[in-house]
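First up is the structure itself, then whatever we jot down about it.
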Amino acid sequence: MQQSSINQYEEPINRFVCEHTGREVNGMRGHDLAALRRLNTIAVLRFLRSQGPGRPQSLSQLAAATGLSRPTVDQVVEELTAQGWLTEASEPASGRSGRPARRFRFRGEAGRVVGVDIGLHKVVLLLSDLAGDVTATEREEMDPDMGGAERLAFLRARIERFLDEQKVRPEELWALCVGVPGIVGETGRITSVIVPEWSDFELARRLGESFPCRILAENDVNLATLAEHWQGAAQLADDVVCLLIGHRSSCGVLLGGRLHRGHRGWAGELGLHRGLGLSHAHEVLGWRGERRAGESEVAALARAAGASDPDALEILDRYATRLAPGIGALLLAVDPELVVLSGGMTPAGEALTPLLTRQLRDVALDVPLHVPRITVSTLGEQGVALGAVRKALDSVEALLCDATGPLPSVPPSMNR
């Protein structure tokens with residue numbers, strides 16, 4: 001490759017890597033061909049992953065999207081196909097004369113990730129390929145009084161059984177992310193007392209003893225926020241507050257399209273503030289009205305509120321009154337464009353939304369607080385596990401797009 005050829009593509013590659021990996025690469029020279037080839041690979045691989053399996057791209061489209069020359073794209077695609085990361089998409093007959101353009105897609109089937117939501121009462125597991133296509137789900141009830149060691153053993157056993165049932169070999173699993181209630185540090189250490197005996201507990205490290213892949217742990221509401229931005233109600237918003245409402249109150253914050261965890265992972269944990277009263281808000285939710293056979297208290301309250309029952313609406317209004325000071329403080333601090341209601345009280349979300357909006361307008365001094373649009377999550381109880389899948393996929397993408405090292409190999413069992 002000539003020096004002029006390298007310089008021609010140095011600028012778009014620098015721009016691509018800076019935008020998509022957070023790194024800036026300066027001073028590329030002709031002797032650093034290996035580094036340049038790695039950046040070319042990142043550009044093509046990252047773009048094809050972003051398009052998904054349903055939008056295969058031709059060599060010309062890849063060249064236009066990455067700023068690389070057609071011969072360079074051709075070489076990168078050939079290498080990635082041989083390594084098992086890309087495959088040529090089958091083209092239906094176009095009705096046009098001549099040979100159709102070759103199109104390529106990222107092989108999501110080259111690996112798997114698992115997202116887990118474990119709380120006091122249940123565990124939810126999702127299996128996804130590397131393109132984000134969820135292929136299996138499982139849910140199981142748990143004893144809320146289970147001890148810490150017993151809960152860890154239960155979690156390990158359920159993950160192992162889940163992978164065995166889905167015939168996932170250890171080498172096929174690239175990442176595992178677990179969502180838990182409580183404050184979770186960057187290393188996966190839980191630092192608050194919600195799950196019994198899991199305070200100051202290194203969950204990620206302990207699970208790493210059983211599963212030979214990347215292990216991540218994250219606060220459950222943070223993961224729910226990621227899920228809403230990925231596939232839920234917040235897909236078109238970048239500044240979002242996700243509210244967990246029910247027997248526990250907490251918030252996840254998304255700023256500029258990125259999860260805001262804070263310096264130690266405490267961002268959004270308003271339920272821990274004694275003066276805001278969020279930790280006691282659920283105490284007014286008792287419903288003594290009609291309950292159908294097999295209907296939960298929340299479902300009965302939601303049904304009554306949906307039918308404009310005055311007693312049910314009064315309960316929800318008292319609940320909104322208790323939520324408003326803490327949520328209002330967060331809205332003043334963050335000024336989001338969207339608020340998403342998630343958690344156990346979402347069945348009553350439609351009735352609660354106007355009541356909460358009215359209460360929030362009155363929390364500021366002198367002027368009414370601008371209340372952003374409030375919507376209700378549609379992801380149901382899979383929201384946290386789905387966010388865990390997203391975080392696991394992001395960790396795989398960071399590995400694939402790391403310009404400082406070689407591209408990891410596709411396991412032989414997945415390269416066919």
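Details
- All positions within region 143-159 that are under 22 Å from the mean Cα position of the chain (by Cα) and open to solvent by 20 Å² or more (accessible area, probe 1.4 Å): 156, 158
- When restricted to residues that are touching a strand residue (DSSP E or B) at 6+ places or on another chain (Cβ under 8 Å) and closer than 18 Å to residue 205 by Cβ, region 155-173 contains 3.
- With respect to being among the aliphatic types (A, V, I, L, M), surrounded by fewer than 22 Cβ atoms within 10 Å (Cβ to Cβ) and over 23 Å from residue 180 (Cα atoms), residue 313 fits the description.
- Flag if residue 7 is at pLDDT below 90 and either open to solvent by 80 Å² or more (accessible area, probe 1.4 Å) or assigned to a loop (DSSP other than H, G, I, E, B) (or both): no
- Leading residue by the ranking (farthest from residue 107 (Cα to Cα)) among those in region 64-78 that are open to solvent by less than 80 Å² (accessible area, probe 1.4 Å) and either among the hydrophobic types (A, V, I, L, M, F, W, C) or in contact with a Leu (Cβ under 9 Å, 6 or more places away or on another chain) (or both): 68
- Restricting attention to region 175-208, the residues being out of contact with any Asp or Glu (no Cβ under 9 Å at 6 or more places or on another chain), open to solvent by 10 Å² or more (accessible area, probe 1.4 Å) and assigned to a strand (DSSP E or B) number 2.
- Looking only at region 117-137, and only at residues there that are assigned to a strand (DSSP E or B) and farther than 26 Å from residue 49 by Cβ, the one that is most open to solvent (accessible area, probe 1.4 Å): 122
- Output for region 24-53, where each listed residue is out of contact with any Phe, Trp or Tyr (no Cβ under 7 Å at 6 or more places or on another chain), at pLDDT 70 or above and of a type in the set (A, V, I, L, M): 33, 34, 35, 36, 39, 42, 44
- Residue match in region 160-173 (condition: without any contact (Cβ under 8 Å) to a residue 60 or more places away in the chain and under 20 Å from residue 222 (Cα atoms)): no
- The listed residues are 409, 377, and the only one of them that is on the phi < 0 side of the Ramachandran plot and at pLDDT 95 or above turns out to be 377.
- Qualifying residue in region 327-339 (condition: of a type outside the set (A, V, I, L, M, F, W, C) and assigned to a strand (DSSP E or B)): no
- For residue 160, the conditions (1) within 16 Å of residue 208 (Cα to Cα); (2) among the acidic types (Asp, Glu); (3) outside any helix (DSSP H, G or I) are fulfilled apart from (3).
- Matching residues in region 366-416 - criterion: being more than 21 Å from residue 170 (Cβ to Cβ), touching a helix residue (DSSP H, G or I) at 6+ places or on another chain (Cβ under 7 Å) and of a type in the set (Gly, Ala, Ser): 377, 383, 387, 403
- Failed condition for residue 17, given (1) surrounded by 15 or more Cβ atoms within 10 Å (Cβ to Cβ); (2) at pLDDT 90 or above; (3) over 30 Å from residue 127 (Cβ atoms); (4) among the aliphatic types (A, V, I, L, M): (2)
- Some residue of region 61-68 being among the aliphatic types (A, V, I, L, M), at pLDDT below 90, closer than 28 Å to residue 258 by Cα and under 31 Å from the mean Cα position of the chain (by Cα): no
- Of all the numbered requirements in (1) open to solvent by less than 10 Å² (accessible area, probe 1.4 Å); (2) more than 21 Å from the chain's Cα centre (by Cα), residue 140 misses one, and that requirement is (1).
- Search result, residues across region 372-416 that are open to solvent by less than 40 Å² (accessible area, probe 1.4 Å), closer than 17 Å to residue 86 by Cβ, out of contact with any Leu (no Cβ under 7 Å at 6 or more places or on another chain) and part of a helix (DSSP H, G or I): 397, 414
- Failed item in (1) on the phi > 0 side of the Ramachandran plot; (2) assigned to a strand (DSSP E or B), with residue 114 passing the rest: (1)
- Qualifying residue in region 349-357 (condition: closer than 30 Å to residue 258 by Cβ and in a loop (DSSP other than H, G, I, E, B)): no
The values are calculated or read from the model by the stated rules, or taken from the named source; none is laboratory data. Just so it is clear, the structure is predicted and the values come from calculations on it, not from any experiment. FYI the Cβ positions are ideal-geometry reconstructions off the backbone, even for glycines, and counts take in every protein chain you see. Ligands, DNA and RNA are stripped out before the accessible areas are found, and what is left, the full protein with its side chains, is counted by its heavy atoms. Shrake-Rupley method; radii C 1.70, N 1.55, O 1.52, S 1.80 Å.
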